[in-house]
Amino acid sequence: MLSKFYLLVAFLIIGNAMQAQNYKFGKVSEEEVAETEHPSDKEANAAYLYKKQYTYYDYNSNNGLSLVTKYRYRIKIYNEDGFDWATVNLTKHISGNDEEEIYGLKGFTYNLQDGKLVEEKLRKDEIFQEETSKYRESVKFTMPSLKPGSVVEFQYEKRSPFLTSLDETELQARIPTKKLDVKIEIPEFFGFVAHYNQLSSLFFPIKKNNEQYNMHAQTTKYMQTVYEISEENIPALKEEVYIDYLDNYAASIKWELQYTKFPDTPMEYFSANWDDVAKSIYDEGGFASELRKSSFFKDDLEALLQGIDKLQDKIFAIYNFVKSKVVWNDYIGFIAENGIRKAYKDGSGNTGDINLLLTAMLRYAGLNADPVLVSTKSNGIPVFPTRSGFNYVITSVDFDGQIILLDATDLNAAPGQLPERARNWQGRIIKDDGKSGWVSLLPNYSSLKRNFINIKITEDFKIKGKYTGMYSQFVAKSYRDKYKGVDEENYKQLLQEDKGDIVITDIKKENVKKVGADIKESYQFELNHGVEVIGDNIYFNPLLFLAEKENPFKADERTYPIYMDFPVNYVSVINFMVPEGYELESMPESTIVNINEDGAVFKFIINKSANFLRLESSILLNKSIYPAEDYAHLKNFFDEIVSKHSEAIVLSKIEKSDESTELTKSR
């Protein structure tokens, strides 16, 4: 009996081992390829079946130390929307004669064909390398033979000479992860501190221990710290509307270098405050030398400013001159890659070239201008003092005690307006004396979109009307960004989209090309099926195509802040005359709804005077960013808007009295 028990135990152990997942490279199973949906996330288009990172320092007597990271990925593609996860873009960093290298790149795509597992190898001619900037190169490839159900697997090794720059460790992605293994070995020569992403709601414990570091031929024994994370069934980042950049909320670890202590050398400390970081970038990043240059633009600038006395007019003139003189080449960075002299001569440059040139010109003109370090939304939010926390630079001008922010890479941005990529919480102003300070990158004023509609109902129950719109500040900028390069015919088609069975004519626009000015737009329209006739009653929504038809916030709860981009007031005014032969039977009631007194205000005011109706709907959002704690209030707020905007006006046909009918007959 006892022998049968041990036999059963042995059988179970062997059975479980046979069913255990094999994560070795190339050991993809038929079961993985046959899977049609993720077991716990039915909406997932793809998933990481396995993700591994192993980082260590390699030593040899010829080249010394190198920072090596080995990556391995196994990805399940559930449908065509998941194909994007089989296109990979690897980044290599370059600085002077030093550059990172990628080795051992190989990959396979696995499919089921006639019930059998077949594999397709990633070929060398399917791997492309291109320069993305002076400091970066990309290695790109798309896995072959993709189809819904495919499993792709690839691995590579990145070897870096930049010993003190550990890449961010990514623990969570936009797709679920079945199994994650991370191992990072750091010799005692480097003092790193791990920083979890405080914006993430997930926390993974790190196993940390010390062990001997092997330097091969070296007889001296050194130690290293080993960090390990092993997790299963990591959920995907949840897609939400109104978010700045989803990956900023992923679980991850950033590594801060505090010191180095190499053999036979004194300890060097790198822990710094923000002033130290700013001064380092100002001195070593070339700011100091670039901002002293002026001889090459001196004559042009003096000719430009001749006869301009007011400082504000000088700011506008120089800002517009730089935008017209140097075109952005789509590369970002806080360093002037070409140098402001060459960018000025060639008429092209990166963000550093253009905005440092702008700063230098403003200073030459006697204005108090300084560079501002910025992290774009895709680069995250700097949470501790580090140079890598910034990747962009703009310009600030202190005008009458007010800071005006400028970015001459954006042709549609007026002074005080930044492109969406740069409106990321706060930036760091750097002064000549090395001092620095934070400045908000978010607009502190409200933009306005005001809509006016005069409408009437015709005898054949169509709605005819005239629309007039006024767009100011960031609403006007968004309009210019959206319709840049769109011809009139295509613009008309875009304008008619999502407005029902409508015909728009006589479109007129003012100030569209006058950056910074309010845009005015008007057109005539005729709308079919805008009213519903039931018996002697007419039902219609007076807001027509201006109504909020759907609440954008559908989730029951939310962990991310709500990023509205900029404070804004949407005002719609509708004027309507009750048609002859009808009278007003019912109309929506006026209401006012707010969040936390003045965080957001919705006003719906309707007035009747004789046969004339005037409706005004105002949605005032006073913040660029609402905390996650306000989500329930914001969701209810938009529920109220959608509900009120869906209410109809009811008109009833006026019945003629018998007395008037008899009088008419007798006459």
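The values are calculated or read from the model by the stated rules, or taken from the named source; none is laboratory data. Treat the numbers as computed from the prediction; the structure is a model and nothing was measured. With ideal geometry, Cβ positions are generated from the backbone for all residues, glycine too; neighbour counts draw on all protein chains shown. With ligands, DNA and RNA removed, areas are computed over all heavy atoms of the protein, side chains included. Shrake-Rupley method; radii C 1.70, N 1.55, O 1.52, S 1.80 Å.
With the condition kept exactly as written, say whether any residue in the range 556-566 is modelled with pLDDT of 95 or more, in contact with a Phe, Trp or Tyr (Cβ under 8 Å, 6 or more places away or on another chain) and surrounded by fewer than 18 Cβ atoms within 10 Å (Cβ to Cβ). No, because not a single residue in the range 556-566 is modelled with pLDDT of 95 or more, in contact with a Phe, Trp or Tyr (Cβ under 8 Å, 6 or more places away or on another chain) and surrounded by fewer than 18 Cβ atoms within 10 Å (Cβ to Cβ). Every condition in (1) under 16 Å from I394 (Cβ atoms); (2) at pLDDT below 95; (3) over 28 Å from the mean Cα position of the chain (by Cα); (4) not basic (K, R) holds for L362 except the one numbered (2). Only one of the listed residues (K314, K342, K323) is open to solvent by 80 Å² or more (accessible area, probe 1.4 Å) and part of a helix (DSSP H, G or I). That residue is K342.
Residues of the range 135-147 being within 14 Å of I77 (Cα to Cα) and surrounded by fewer than 21 Cβ atoms within 10 Å (Cβ to Cβ), which ones? Show your work before the answer.
We begin by selecting, within the range 135-147, every residue within 14 Å of I77 (Cα to Cα); these are 142-147.
Listed by number, the residues that qualify are T142, P144, S145, L146, K147.
Of the listed requirements (1) farther than 21 Å from A173 by Cα; (2) surrounded by 13 or more Cβ atoms within 10 Å (Cβ to Cβ); (3) more than 26 Å from the chain's Cα centre (by Cα), N97 misses just one: (2).
Okay, residues lined up against (1) closer than 16 Å to D433 by Cβ; (2) in contact (Cβ under 8 Å) with a residue 12 or more places away in the chain:
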position: Y249; (1), (2): no, yes
position: Y269; (1), (2): no, no
position: K279; (1), (2): yes, yes
position: F297; (1), (2): no, yes
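Scanning the range 94-108 for residues that are of a type in the set (D, E, K, R) and touching a Leu at 6+ places or on another chain (Cβ under 8 Å) yields one hit, K106.
Okay, residues lined up against (1) among the charged types (D, E, K, R); (2) over 30 Å from the mean Cα position of the chain (by Cα):
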{"residue": "I595", "(1), (2)": "no, no"}
{"residue": "G599", "(1), (2)": "no, no"}
{"residue": "K603", "(1), (2)": "yes, yes"}
{"residue": "L620", "(1), (2)": "no, no"}
{"residue": "S624", "(1), (2)": "no, no"}
{"residue": "V642", "(1), (2)": "no, no"}
{"residue": "A648", "(1), (2)": "no, yes"}
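Assess whether R450 counts as being out of contact with any strand residue (DSSP E or B) (no Cβ under 6 Å at 6 or more places or on another chain) and at pLDDT 95 or above. Criteria not met by R450.
Do we have any residue at all in the range 184-197 that's under 19 Å from R72 (Cα atoms) and out of contact with any helix residue (DSSP H, G or I) (no Cβ under 7 Å at 6 or more places or on another chain)?
Within the range 184-197, one or more residues are under 19 Å from R72 (Cα atoms) and out of contact with any helix residue (DSSP H, G or I) (no Cβ under 7 Å at 6 or more places or on another chain).
Does P588 count as in contact (Cβ under 8 Å) with a residue 60 or more places away in the chain and under 25 Å from I453 (Cα atoms)? Answer is yes for this residue. Checked against (1) modelled with pLDDT of 95 or more; (2) among the small types (G, A, S); (3) surrounded by fewer than 19 Cβ atoms within 10 Å (Cβ to Cβ), G64 passes all but condition (1). Residues in the range 355-367 that are open to solvent by less than 10 Å² (accessible area, probe 1.4 Å), within 19 Å of G416 (Cβ to Cβ) and either out of contact with any strand residue (DSSP E or B) (no Cβ under 6 Å at 6 or more places or on another chain) or among the small types (G, A, S) (or both): M361 alone. Each residue in the range 420-432 was checked for being open to solvent by 30 Å² or more (accessible area, probe 1.4 Å) and either over 17 Å from L356 (Cα atoms) or touching a strand residue (DSSP E or B) at 6+ places or on another chain (Cβ under 7 Å) (or both), and 5 pass.
With K513, K508 as the choices, which residue is over 27 Å from the mean Cα position of the chain (by Cα) and open to solvent by 60 Å² or more (accessible area, probe 1.4 Å)?
Details: K513 fails: over 27 Å from the mean Cα position of the chain (by Cα).
Every option except K508 fails the conditions.
Condition check: assigned to a loop (DSSP other than H, G, I, E, B) and either within 30 Å of N594 (Cβ to Cβ) or at pLDDT 95 or above (or both). Does K635 satisfy that? Before the answer, list the steps.
On the way: assigned to a loop (DSSP other than H, G, I, E, B): no; either within 30 Å of N594 (Cβ to Cβ) or at pLDDT 95 or above (or both): yes.
Considered against the rule, which asks whether it is assigned to a loop (DSSP other than H, G, I, E, B) and either within 30 Å of N594 (Cβ to Cβ) or at pLDDT 95 or above (or both), K635 comes out as no.
Which members of the range 610-647 meet the condition of being under 21 Å from S572 (Cα atoms), of a type in the set (A, V, I, L, M, F, W, C) and open to solvent by 40 Å² or more (accessible area, probe 1.4 Å)? The answer is F612, L620. I want to confirm something. Restricting to the range 382-419 and keeping residues that are among the small types (G, A, S) and surrounded by fewer than 23 Cβ atoms within 10 Å (Cβ to Cβ), which single residue is farthest from P443 (Cα to Cα)? Of everything passing the filter in the range 382-419, S388 is farthest from P443 (Cα to Cα). Look at (1) surrounded by fewer than 23 Cβ atoms within 10 Å (Cβ to Cβ); (2) part of a loop (DSSP other than H, G, I, E, B) and you find that A336 fails only one, number (1). Every residue in the range 368-379 that is buried (at least 22 other Cβ atoms within 10 Å of the Cβ) and either assigned to a loop (DSSP other than H, G, I, E, B) or of a type in the set (F, W, Y) (or both), please. Once the filter is applied, which keeps residues that are buried (at least 22 other Cβ atoms within 10 Å of the Cβ) and either assigned to a loop (DSSP other than H, G, I, E, B) or of a type in the set (F, W, Y) (or both), the range 368-379 yields only S375. I'd like to know if the range 476-493 contains one or more residues that are farther than 21 Å from V571 by Cα, touching a residue at least 12 places away in the same chain (Cβ under 8 Å), part of a helix (DSSP H, G or I) and open to solvent by 80 Å² or more (accessible area, probe 1.4 Å). Within the range 476-493, one or more residues are farther than 21 Å from V571 by Cα, touching a residue at least 12 places away in the same chain (Cβ under 8 Å), part of a helix (DSSP H, G or I) and open to solvent by 80 Å² or more (accessible area, probe 1.4 Å).
Suppose we filter F321, F297 for residues that are touching a Leu at 6+ places or on another chain (Cβ under 6 Å) and closer than 13 Å to A360 by Cβ; which single one remains? Quick ask: steps written out before the conclusion?
Details: F297 fails: touching a Leu at 6+ places or on another chain (Cβ under 6 Å).
Of the residues listed, the single one that is touching a Leu at 6+ places or on another chain (Cβ under 6 Å) and closer than 13 Å to A360 by Cβ is F321.
For the range 595-605, the set of residues classified as surrounded by fewer than 17 Cβ atoms within 10 Å (Cβ to Cβ) and either on the phi > 0 side of the Ramachandran plot or at pLDDT 95 or above (or both) consists of N596, E597, K603, I605, listed by residue number.
Report yes if I184 is β-branched (V, I, T), under 13 Å from I229 (Cβ atoms) and at pLDDT 95 or above, otherwise no. Quick ask: steps written out before the conclusion?
On the way: β-branched (V, I, T): yes; under 13 Å from I229 (Cβ atoms): yes; at pLDDT 95 or above: yes.
Judged against the criteria, I184 is a match.
Restricting attention to the range 460-471 and to residues that are open to solvent by 20 Å² or more (accessible area, probe 1.4 Å) and in contact (Cβ under 8 Å) with a residue 12 or more places away in the chain, the residue that is farthest from D407 (Cα to Cα) turns out to be F461. Screening A272 with (1) within 30 Å of A365 (Cβ to Cβ); (2) in contact with a helix residue (DSSP H, G or I) (Cβ under 8 Å, 6 or more places away or on another chain) gives one miss only, at (1). How many residues are surrounded by fewer than 19 Cβ atoms within 10 Å (Cβ to Cβ) and either without any contact (Cβ under 8 Å) to a residue 24 or more places away in the chain or within 12 Å of Y56 (Cα to Cα) (or both) if we restrict to the range 148-163? Final tally of qualifying residues: 3.
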